[in-house]
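Here is the structure we will look at.
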Amino acid sequence: MTADLFLFDDSAADGWAPFAASRPVGELVFGRWRLRERVQRALGASVAGHCTRAWLDRYAEPGCPRVRSISTLPAGAALWCSRAVPGRATTLPAERANLWVDDRLAGVVLGEDFEPLDLGWQASPVPLEDASDHVIGGTWLERPWDLVAKGVDRLADDLTDTSDGPLPEACHRIGDAPVSIAPDARVEPGVLFDTRDGPIHLGSRVEVRAGARLAGPIHAGPDSRLLGGAISALSCGPFSYVRGEIEEVTALGYVNKAHDGFLGHAYVGQWVNLGAMTTNSDLKNNYGSIRVGPPDGVVDTGLTKLGCLIGDHAKTGIGVLLNTGTIMGTGSNVYGAELPPKWIEPFSWGQGADFVTYRREAFLETAATVAARRGVDPDAEFSGWLGAVWDAATGAS
């Protein structure tokens, strides 16, 4: 087993708006697992750190590896690109090696005697000289919306080993895929489990309210609440509260969508609050391909179904409507009846197209309050990380 494994964000990952502003790409969920967890499970080594963007040097999410400069890695360390998704389980070589996925360099093992790598290599990695080549099965994620487009199939695959169990009293089931419910989860009478398109897994202390219709594949992480409505193809948790019409959504955790409204083909960062009746469109009226906005200019996703990508700590007011392909930047706060633009800069505050910058002190105070409500200590590390994100996004640093 390799002693030290590090994930690195290349230049493509650096453009993964809105999520790259506040977290390493390896800490994004794909299917049931974070990309970091996938690498650990497949390569048989724990991730010791992330090599990522400079403003994330103070990244301090509880339970996650910290950031490390690529020029300071120890001898024998292995590097793996956060956008490369390994397939079958394998063991990393102990000697100096180049690691390939689908004919592209996905990582390297540095060996005991090596020249330190630099940020140029991290942005555009090249094979090591005098190194063996090892092919590892897997695939690549090219753009952040791949997490949406490919997420449901990946989630269904992740849940194939779910163990089946009895349904709670007065609940009903359609389909043959398994339903797994943690012993301390609470499911009220009258819930329908539809497993025709995939399994359903409810984690520890999950609560499901009466009248909810759950259609697999679904993974609800610890302490999440499914409060009612038609919920299908959802990966969420921990502490994610959802209600309404939900379809093909990933919510990183600590997400509050406790009211009605449609959320479809969407990816939601941590600590997001969606006001009552917030609704996104995920299909154009002409059924055409959906385009998204900056930072790389307008890009055609090639997808006919794409709702929104919402960055960490973003919030919407009651009744907010989001167009197809909307990207909400980290820490943005949108309200009002006027349709906002499809590209919303980080830490924007306002309605329609009329935005100001969310004040640093106010943002950090609100983030700390929200974290404390869910039992997370908003300590100096937490505030330092988010403050550095605000500084970088607003040009203050």
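The values are calculated or read from the model by the stated rules, or taken from the named source; none is laboratory data. Every value quoted in this text rests on a predicted model; they were computed, and no experiment measured them. Note: ideal-geometry Cβ built from the backbone for every residue, glycine included; neighbour counts use all protein chains shown.
Test of understanding: among Ala230, Ala215, Ala258, which residue is aliphatic (A, V, I, L, M) and either buried (at least 19 other Cβ atoms within 10 Å of the Cβ) or at pLDDT below 95 (or both)? Sole residue among the options that is aliphatic (A, V, I, L, M) and either buried (at least 19 other Cβ atoms within 10 Å of the Cβ) or at pLDDT below 95 (or both): Ala215. When the residues of the range 122-134 are filtered to those that are out of contact with any strand residue (DSSP E or B) (no Cβ under 9 Å at 6 or more places or on another chain) and closer than 19 Å to Ser69 by Cβ, which remaining residue is surrounded by the most Cβ atoms within 10 Å (Cβ to Cβ)? For the range 122-134, the residue satisfying everything is Ala123. For the range 152-167, residues that are at pLDDT 95 or above and of a type outside the set (A, V, I, L, M) total 4.
Residues that are assigned by TED's automatic domain parsing to the domain that holds Asn323, in a strand (DSSP E or B) and surrounded by fewer than 16 Cβ atoms within 10 Å (Cβ to Cβ) do not occur anywhere in the range 368-378.
When the range 379-397 is limited to residues that are closer than 16 Å to Arg23 by Cβ and small (Gly, Ala, Ser), the one that is surrounded by the most Cβ atoms within 10 Å (Cβ to Cβ) turns out to be Ala393.
Taken over the range 10-26, the residue count meeting the criterion of being surrounded by fewer than 23 Cβ atoms within 10 Å (Cβ to Cβ) and within 19 Å of Pro86 (Cβ to Cβ) is 2. The requirement of being in the same structural domain as Leu263 (by TED's automatic domain parsing), acidic (Asp, Glu) and in contact with a helix residue (DSSP H, G or I) (Cβ under 8 Å, 6 or more places away or on another chain) is not satisfied by Asp354. Counted as qualifying within the range 188-249 are the strands (runs of 3 or more DSSP E) with 1 or more residues that are in the same structural domain as Gly269 (by TED's automatic domain parsing) and under 20 Å from the mean Cα position of the chain (by Cα), namely 200-202, 213-220, 230-236. Does Ala220 qualify as being closer than 17 Å to Val29 by Cα, touching a Leu at 6+ places or on another chain (Cβ under 9 Å) and of a type in the set (Gly, Ala, Ser)? Yes; evaluated as a whole, the condition is true for this residue. Look at Asp260 and say whether it is in contact with a strand residue (DSSP E or B) (Cβ under 9 Å, 6 or more places away or on another chain), on the phi > 0 side of the Ramachandran plot and either assigned to a strand (DSSP E or B) or in contact (Cβ under 8 Å) with a residue 12 or more places away in the chain (or both). Against the criterion (in contact with a strand residue (DSSP E or B) (Cβ under 9 Å, 6 or more places away or on another chain), on the phi > 0 side of the Ramachandran plot and either assigned to a strand (DSSP E or B) or in contact (Cβ under 8 Å) with a residue 12 or more places away in the chain (or both)), Asp260 does not qualify. Counting only residues that are surrounded by fewer than 20 Cβ atoms within 10 Å (Cβ to Cβ) and of a type in the set (A, V, I, L, M), the range 93-121 holds 3 of them. Quick one: in the range 156-195, which of the residues that are loosely packed, with under 11 Cβ neighbours inside 10 Å and among the charged types (D, E, K, R) is nearest to Phe30 (Cα to Cα)? So the residue we want is Asp161.
If you filter the range 27-59 down to residues that are β-branched (Val, Ile, Thr) and within 25 Å of Val299 (Cβ to Cβ), you find that the one that is surrounded by the fewest Cβ atoms within 10 Å (Cβ to Cβ) is Val29.
Here Ala106 qualifies as touching a residue at least 24 places away in the same chain (Cβ under 8 Å) and more than 19 Å from Trp385 (Cα to Cα). Quick one: is Lys315 in the same structural domain as Phe262 (by TED's automatic domain parsing), touching a Ser or Thr at 6+ places or on another chain (Cβ under 8 Å) and either farther than 26 Å from Gly387 by Cα or not charged (D, E, K, R) (or both)? Taking the combined requirement at face value, the residue does not satisfy it. Can Ile310 be described as closer than 24 Å to Leu364 by Cα, not assigned by TED's automatic domain parsing to the domain that holds Ala20 and not acidic (Asp, Glu)? Yes: the conditions hold for Ile310. Just one residue in the set Ile318, Ile310, Ile290, Ile327 is touching a residue at least 12 places away in the same chain (Cβ under 8 Å) and surrounded by fewer than 17 Cβ atoms within 10 Å (Cβ to Cβ); that residue is Ile318. Applying the selection to the range 66-89, what residues are in contact (Cβ under 8 Å) with a residue 60 or more places away in the chain, basic (Lys, Arg) and within 13 Å of Gly26 (Cα to Cα)? Residue satisfying the conditions is Arg83 alone.
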